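Asks: First, the structure itself, so that you have it in front of you.
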Amino acid sequence: MNDLKLAWRNIWRHTRRSILTMMAIGFASLLLVFMLSFQFGSYESMIDASVKLSTGHLQVQAAGYNEKPEMRKVVPNPGVVMDILSRTPGIEAFTARSQTFVLASSEDRTRGIMVMGVNPETEKGVLSIATLIREGEYLSPRAPNTVIIGTLLARRLKIGVGRELTILGQSRNGSIAATVVTVGGIFKTGIDEVDRSTVQMLLSDFDALFAMDGAVHAIVATARELLQVGEVKKALQNDPGLKDLAVLDWVDLSPGLKQSIQLDLVSGIIMYLILIIVVAFSIMNTFLMAVFERTREFGVMMAIGTTPRRLVKVMLMESMFMTGMGLLFGMLAGAALTQYFAQVGIPMGGAADLMAQYGISGRIFPRLSWATLLIGPAMIGVVTFLTALVPALRIPGLKPADAMKAV
Amino acid sequence: MNAVTVSDVSKIYTQGDVKVMALNKVSLKVDAGEFVAIAGPSGSGKTTLLNLIGGLDSPDTGHISVNGKAFEKMSSGDLAELRLTQIGFVFQSYNLIPVFTAEENVEYILQLQGVGKKERKQRARAMLDDVGLEGKYDRKPSQLSGGQQQRVAVARSLVSNPTIILADEPTANLDSVNGESLLQTMREMNEKHNVTFIFSTHDAMVMEASKRLITMKDGAIAGDQVK
Ligand SMILES: Nc1ncnc2c1ncn2[C@@H]1O[C@H](COP(=O)(O)OP(=O)(O)OP(=O)(O)O)[C@@H](O)[C@H]1O
Ligand SMILES: [Mg+2]
């Protein structure tokens with residue numbers, strides 16, 4: 001009890017020095033809470049955007065299709081797969097899809113593009129293109145031989161709603177596939193690559209045009225929660241009905257996304273470590289000074305019967321008080337700051353290249369979670385404690401007689 | 001059993017190339033209840049001897065034991081424990097804990113001994129009253145005069161009921177009135193509670209009041225006279 005009092009009062013012997021130290025700890029943890037929340041917020045929107053706009057959380061494909069997409073690598077019985085998906089817990093929605101590369105020509109120009117066959121009814125539940133129509137209408141079973149195309153592609157082909165597009169490709173059995181379709185709508189996802197090179201048509205049109213015979217290239221599914229994806233994937237992989245097919249998750253489907261996230265995370269972590277080391281040195285300095293200037297006092301305390309152990313304990317209590325107050329301040333302020341920006345968002349300006357690739361526009365919303373709130377401050381807490389241990393452990397080596405002679 | 005046994009103790013300080021023989025094969029026995037003064041010129045080794053007896057420093061050769069406990073087998077923690085329960089210290093300069101009040105300084109020792117809060121407060125205050133500091137319980141050392149600080153230090157050394165008190169020139173910083181009353185307190189403790197006192201001094205009055213006078217010279221005992 002008196003030791004607590006002693007530690008507490010010792011902190012306030014050098015008010016300014018102690019406050020500076022606590023502020024260093026506080027601002028470092030504030031920064032970590034905010035930065036981590038920001039990073040995880042941006043990853044979540046990147047994943048979310050990518051999942052909603054192109055890959056879904058999970059896909060079932062023919063084995064080898066993802067590595068090397070070819071027309072003939074098909075899921076022959078999509079109905080069977082969809083039955084399995086519909087009774088797998090954790091799956092929210094799914095839709096069948098086919099795709100291939102073709103040449104598309106307007107009156108003036110020709111481009112190599114990807115044409116996708118989708119089922120508009122089920123596609124809506126999985127992917128968000130239906131909500132991104134800028135002109136005209138989304139696909140409808142009542143309007144066969146109609147397609148929707150990306151904004152950039154429309155500009156390149158100099159084509160608009162109501163105009164015709166000639167498609168030339170190769171069907172599943174190797175014969176020529178050609179048709180003329182009408183542009184029914186124009187969409188903008190914000191992902192340039194998609195907007196530049198994608199055309200969507202009805203899955204039934206695709207089936208007829210490319211002689212698919214009821215087969216598709218992928219069943220795209222979303223899980224109820226991002227965090228459940230791994231579990232659901234495992235369950236599907238173990239399903240005997242899918243044993244000849246490949247079950248892929250969003251990481252397999254867009255490895256670049258995971259890599260960008262990892263790269264960003266690693267560079268973030270390096271920065272955080274540097275920050276923590278700087279803070280650690282400032283703490284070490286404070287505590288070394290506290291031990292040096294109090295050497296004489298330690299000598300007296302040992303002379304009256306205080307064990308070195310107890311002195312170390314008092315020093316560590318001092319460090320824990322200071323660290324604790326710093327961390328508390330940092331976490332509260334960090335949480336407040338994060339929550340504020342979680343409401344209003346942070347405008348990304350021109351620095352949003354990476355984000356734009358994954359369809360995030362304008363603002364990032366940091367996301368506060370227990371993890372982002374606690375990881376940074378916990379690391380600072382541990383490092384600070386270890387740093388304070390170094391000078392404190394000098395105490396047991398002191399001889400009281402020598403210590404009392406120190407100035 | 002002797003309260004203090006010092007046999008063949010030497011202590012050499014090295015400063016750069018210079019070696020100082022602070023104690024040269026000193027042997028000494030003090031019985032429980034003695035009231036011993038150590039006199040001698042400056043630099044003769046008085047402080048060094050007291051520090052060694054209190055286990056604040058370790059000798060280069062020789063053995064020391066207090067109340068039958070030999071120091072050489074004890075860790076620094078054990079020595080602190082021994083000081084806490086059996087030895088009281090009064091230093092030449094005041095050496096209080098600056099962030100504690102007078103009362104807390106005295107109380108702290110009792111807390112180290114595990115005495116309960118209520119008793120602690122009572123005993124600390126009674127002790128401060130005894131050394132003439134009633135009403136100054138809540139002053140920090142910086143708010144006390146030199147003599148008052150010294151009396152807090154004495155109260156601190158006495159409050160734990162030690163069997164031996166080691167005092168290094170306890171009256172050196174006090175005026176003659178304060179010095180005499182401190183000496184009076186020390187003798188009372190000695191006679192009533194049979195506490196052993198060993199103290200160094202330059203003060204003729206203190207030497208006069210002692211019951212045994214040891215004289216040191218150049219790190220050795222030059223005279224030992226029981227009155
Ligand atoms: N830490 C030290 N380093 C080097 N020499 C020391 C040290 N402490 C004491 N000495 C030397 O040891 C000798 C004995 O010193 P000590 O302090 O015991 O003398 P003293 O009798 O207490 O003197 P005083 O009456 O002035 O207090 C002196 O010559 C002193 O210079
Ligand atoms: Mg001395």
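The values are calculated or read from the model by the stated rules, or taken from the named source; none is laboratory data. Computed from a prediction, not measured in an experiment: that's the story for all the values here. Here the Cβ positions follow ideal geometry from the backbone for every residue, glycine too, while neighbour counts run over all protein chains shown. The protein model used for the area step is the full one, side chains on, heavy atoms only, and it has no ligands, DNA or RNA in it. Shrake-Rupley method; radii C 1.70, N 1.55, O 1.52, S 1.80 Å.
Asks: In whole percent, and with a 1.4 Å probe on the protein chains, what portion of the accessible area of the protein assembly as shown is carbon and sulfur?
Replies: Heavy-atom surface of the protein assembly as shown belonging to carbon and sulfur, 1.4 Å probe: 56 percent.
Asks: Multiply the residue separation of A:A178 and A:R363 by 0.36 nm, subtract the distance between their alpha-carbon atoms, and state the gained length in nm to one decimal.
Replies: Separation in residues times 0.36 nm, less the Cα-Cα distance, equals 62.3 nm.
Asks: Now, a different point. Would you mind giving the mean number of other chain beta-carbons within 10 Å of the Cβ of each residue in B:82-90, as a whole number?
Replies: 3
Asks: Now, a different point. Could you pull out every residue, at least 5 positions away or on a different chain, whose amide H is within less than 5 Å of the one on B:R212? Hs are placed 1.01 Å off N in the peptide plane, and Pro or chain starts have none.
Replies: Those lying under 5 Å, H to H, from B:R212 are B:F35, B:A37, B:K227.
Asks: How crowded by other chains is A:304-317, given as the mean number of beta carbons from other chains within 10 Å of each beta carbon?
Replies: 5
Asks: In debye, nearest 20, what is the charge dipole magnitude of region A:55-253 about its Cα centre with +1 on Lys and Arg Cβ and -1 on Asp and Glu Cβ, if you could check?
Replies: Value, rounded to 20: 340 debye.
Asks: Once amide H atoms are built 1.01 Å from N in the peptide plane, which residues 5 or more positions from B:A167, or in another chain, come under 5 Å H to H?
Replies: B:V90, B:I198, B:F199, B:S200
Asks: I need the helices of chain A that pass two filters: whole DSSP H segments spanning 27 Å or more by Cα along the axis, and mean Kyte-Doolittle score no lower than 1.0.
Replies: Helices meeting the span and hydropathy rule in chain A are A:255-293, A:370-392.
Asks: Here's another thing I want to ask about it. Only four residue types carry charge here, +1 at the Cβ of Lys and Arg and -1 at the Cβ of Asp and Glu. Report the dipole size of region B:2-226 about the Cα centre in Debye, rounded to the nearest 20.
Replies: My answer is approximately 420 debye.
Asks: Let me ask something additional. Considering chain A as a Gaussian network with a 10 Å cut-off on Cα pairs, which listed residue, A:G125, A:G117, A:G64, attains the greatest mean-square fluctuation?
Replies: Residue with maximal mean-square fluctuation among A:G125, A:G117, A:G64: A:G64.
Asks: Can you compute the modelled spin-label distance between A:V80 and A:L389, with each label point 7 Å from Cα toward Cβ, in nm?
Replies: Modelled inter-label distance: 6.0 nm.
Asks: Quickly work out the A:E137-to-A:V278 label distance, labels modelled 7 Å from Cα along the C-beta direction, and quote it in nm with one decimal.
Replies: 6.0 nm
Asks: Using a cut-off of 26 Å between alpha-carbon atoms, which lysines can reach B:K69, once sequence neighbours fewer than 8 places away in the same chain are excluded?
Replies: Of all the lysines, those that pass the test against B:K69 - Cα under 26 Å, at least 8 places apart if same chain - are A:K399, B:K11, B:K25, B:K29, B:K46, B:K192, B:K211.
Asks: Follow-up question, since we're still on this one. Provide the buried accessible surface between chains A and B in square angstrom, both chains summed, 1.4 Å probe, rounded to the nearest 100.
Replies: 2400 Å²
Asks: Let me ask something else about it. What's the ranking of A:37-44, A:139-146 by average number of surrounding C-beta atoms within 10 Å, highest first?
Replies: A:37-44, A:139-146
Asks: Looking at region A:55-253, how many pairs of lysines come closer than 30 Å at the Cα, when each pair is eight or more places apart or spans two chains?
Replies: Eligible lysine pairs with Cα atoms under 30 Å apart amount to 18.
Asks: Calculate the dipole size of region B:82-200 relative to its Cα centre from +1 charges on Lys and Arg beta carbons and -1 charges on Asp and Glu beta carbons; express the result in debye to the nearest 20.
Replies: Dipole of region B:82-200, to the nearest 20 debye: 440 debye.
Asks: Identify which of A:A93, A:A342, A:A378 has the largest mean-square fluctuation in a Gaussian network model of chain A, with springs joining Cα atoms closer than 10 Å.
Replies: Maximum among the listed residues: A:A378.
Asks: Within a 10 angstrom radius of each residue's Cβ in B:48-59, how many Cβ atoms of other chains show up on average? Whole number is fine.
Replies: Going residue by residue through B:48-59 and averaging, the value is 3.
Asks: A further question on this structure: Please work out how much length the chain gains when fully extended from A:A208 to A:L227, using 0.36 nm per residue of separation minus the C-alpha to C-alpha distance, in nm with one decimal.
Replies: Between A:A208 and A:L227, full extension yields 3.0 nm more.
Asks: Can I ask one more? Could you do me a favour and compute the accessible area per residue for region B:2-226, 1.4 Å probe, result in Å²?
Replies: 42 Å²
Asks: While we're here: According to a simple spin-label model (label point 7 Å from Cα along Cα-to-Cβ), what is the distance in nm between B:Q122 and A:N285?
Replies: With each label point 7 Å from Cα toward Cβ, the separation is 5.1 nm.
Asks: Now for a different question. Which value, in Å², gives the accessible area per residue of region A:55-253 when a 1.4 Å probe is used on the protein heavy atoms?
Replies: 47 Å²
Asks: Among the lysines, which fall within straight-line cross-link reach of B:K118, defined as a Cα-Cα distance under 20 Å, with same-chain neighbours fewer than 8 residues apart omitted?
Replies: Here the lysines satisfying the reach criterion relative to B:K118 are A:K5, B:K136.
Asks: If you don't mind, another one. DSSP loop GluC sites (Glu not before Pro) in region A:105-170 with at most 15 other Cβ atoms within 10 Å of their Cβ, which ones?
Replies: A:E107, A:E137
Asks: For chain B, what is the calculated [θ] at 222 nm in deg cm²/dmol (nearest 500), taking -39500 (n - 2.57) for each run of four or more DSSP H residues and dividing by its residue count?
Replies: Using -39500 (n - 2.57) per qualifying helix, the result is -11000 deg cm²/dmol.
Asks: Can you show me the helix-derived [θ] at 222 nm for chain A, built from DSSP H runs with n ≥ 4 at -39,500 (n - 2.57) apiece and divided by the number of residues, rounded to the nearest 500.
Replies: About -17000 deg cm²/dmol.
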